[in-house]
1. Give me the dipole magnitude in Debye, nearest 20, for region 202-284 about the Cα centre, with unit charges on the beta carbon: positive for Lys and Arg, negative for Asp and Glu.
2. Within region 10-112, list the GluC sites (Glu not before Pro) lying in a DSSP loop whose Cβ has at most 13 other Cβ atoms in a 10 Å radius.
3. Could you order peptides 112-123, 335-346, 187-198 by the average number of other Cβ atoms within 10 Å of their residues, highest first?
4. Mind jotting down the three principal axis lengths of the chain based on Cα atoms? Whole angstrom, largest first.
5. Amide H of Asp272: which non-local residues (sequence gap of 5 or more, or other chain) have their own amide H closer than 5 Å, using H built in the peptide plane?
6. Would you compute, from DSSP H runs of 4+ residues alone, the mean residue ellipticity of the chain at 222 nm, taking -39500 (n - 2.57) per run and dividing by the full residue count, rounded to the nearest 500?
7. Just Ala104, Ala371, Ala306 to compare: in a GNM of the chain, with alpha carbon springs under 10 Å, which one fluctuates most?
8. Once label points are set 7 Å from the Cα along Cα→Cβ at both Ile137 and Asn374, what is their separation, rounded to one decimal in nm?
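Bear in mind that the values in this text are calculations on the coordinates, not laboratory data. Please read all numbers here as calculations on a predicted model, not as lab measurements. As a convention, Cβ positions derive from the backbone with ideal geometry for all residues, glycine included, and neighbour counts pool all protein chains shown.
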Amino acid sequence: MEQSALNLYETSDKTNELVKQITFEKIEAAAKELESVVHRTPTIKSSWLSLLTGGEVFLKLENLQITGSFKPRGAYICINSLTDEEKARGVITMSAGNHAQAVAYHAQKMGIAATIVMPENTPIAKVERTRSYGASIILHGQTVLDARDFALQLMKKNNHALIHPFDDPNIIIGQASVGIEMLADVANLDVLVIPIGGGALASGIGLVAKKINPAIQIIGVQSLYCPSTAEVLFPNSVQIGTRKESQTIAEGIAVKAPGGLNLSILRDVLDDMLIVNEDMIENAMESLIINNKLIAEGAGAAGIAAILSGTELFKGKRVGTIVCGGNVDSRILSSLLMRGLVHEGRLVRLKIEIDDNPGILGHLSQVIGKAGGNIFEISHQRFFNKTMIKMASVDAVIETRDANHAQQICKALIADGHPTQIMEDSF
């Protein structure tokens, strides 16, 4: 772990003083102030998740928030707390996307110049959306830490006011308003499952939830790609030896150095943490689309991934989680849905050997169609294969009902005299 991250984990007197600034009264006041600034997003009961857990699962839909995530809450409270002189100097921040959009949005509304430093691998959709709010965008480094270091240099050089993505009392106070709203909508929750990146959302909601209901259980969620908070607070929940992911679809919670202020709070409010891998997150994103008709980005679906992967933990309980963002790149979303079809056996690739005669492709189409398959794409190969010279090979991508149906189509082609196999990369 990077030394710059380790330095944040020691609780100092300054940290303790900052924590004292985050009071329930200030959070209630911020929630009231935000009523005219952001959407009061709905909290819905998820029937399919409730059925899976044998309890009741409620989703707070911050993916429907302005700019597509919960971030405008904290960004507004933080920017609005600046003096007129600080606003005149302009603001700067570092972010992988959602905080960037939130700062850019409010800065534009208030007539404040905003500079946003984003990692170079930030999804294009998030970069362009941030730019559309009038902010000056700088792409720098591979991680939020890289972007942070560069942003701090620019802040000192240009005398900007820093709007930190998570390690700031006003950011935490603003994000805590999510908890105020959710617990007003749904009483007597047993468990709250909250994704953790920098930790402001979980810190703020945790403070609110424990104040309202001291018996409530708060479970944090991180990805196996970057379980930085879990490594510090719940090291037994992190299987370090199994961390194989070199990239993550949940870049919004891929924070290598969680905030020292947030860690101080999370030590007190977190009861446990769950770690989810990329397959779990992808499955959660796809399941939300299919079952709730909701689009969530990877970080936004992390809480759902935790519930899906640990249904026994939530059996018979009233569970709440936050779909905390919906800003997913259209290319990623398209690939996710197509990969889902492949994993379910609803889209398979067949390798079919045929006699190289006129009309054979039309005949194959008839066999596949009669068996109920739909040809998605087809490739006829005469030269780059090991078949006999009077034969050819066909690669066909077929849409099916499920894996069993794919096997039926395969058997129908074999029965018609065409050796066929389902390629291993299908499912």
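1. Values: 6 positive and 9 negative charges, 64 e Å.
Here the size comes out at about 300 debye.
2. Details: sites: Glu10, Glu17, Glu25, Glu28, Glu33, Glu35, Glu56, Glu62, Glu85, Glu86; in loops: Glu10, Glu35.
When the GluC sites (Glu not before Pro) of region 10-112 are filtered for loop state and at most 13 Cβ neighbours within 10 Å, Glu10, Glu35 remain.
3. Details: 112-123: 21.2, 335-346: 15.5, 187-198: 23.2.
The densest-packed peptide leads the list: 187-198, 112-123, 335-346.
4. Principal axes ranked by extent give 81, 51, 42 Å for the Cα atoms.
5. Close amide H contacts, sequence-distant or interchain: Ile218, Gly220.
6. Numbers: 19 runs with 189 residues, N = 427.
After summing the helix terms and dividing by the residues of the chain, the value is -13000 deg cm²/dmol.
7. Ala371
8. About 3.5 nm separates the two model spin labels.
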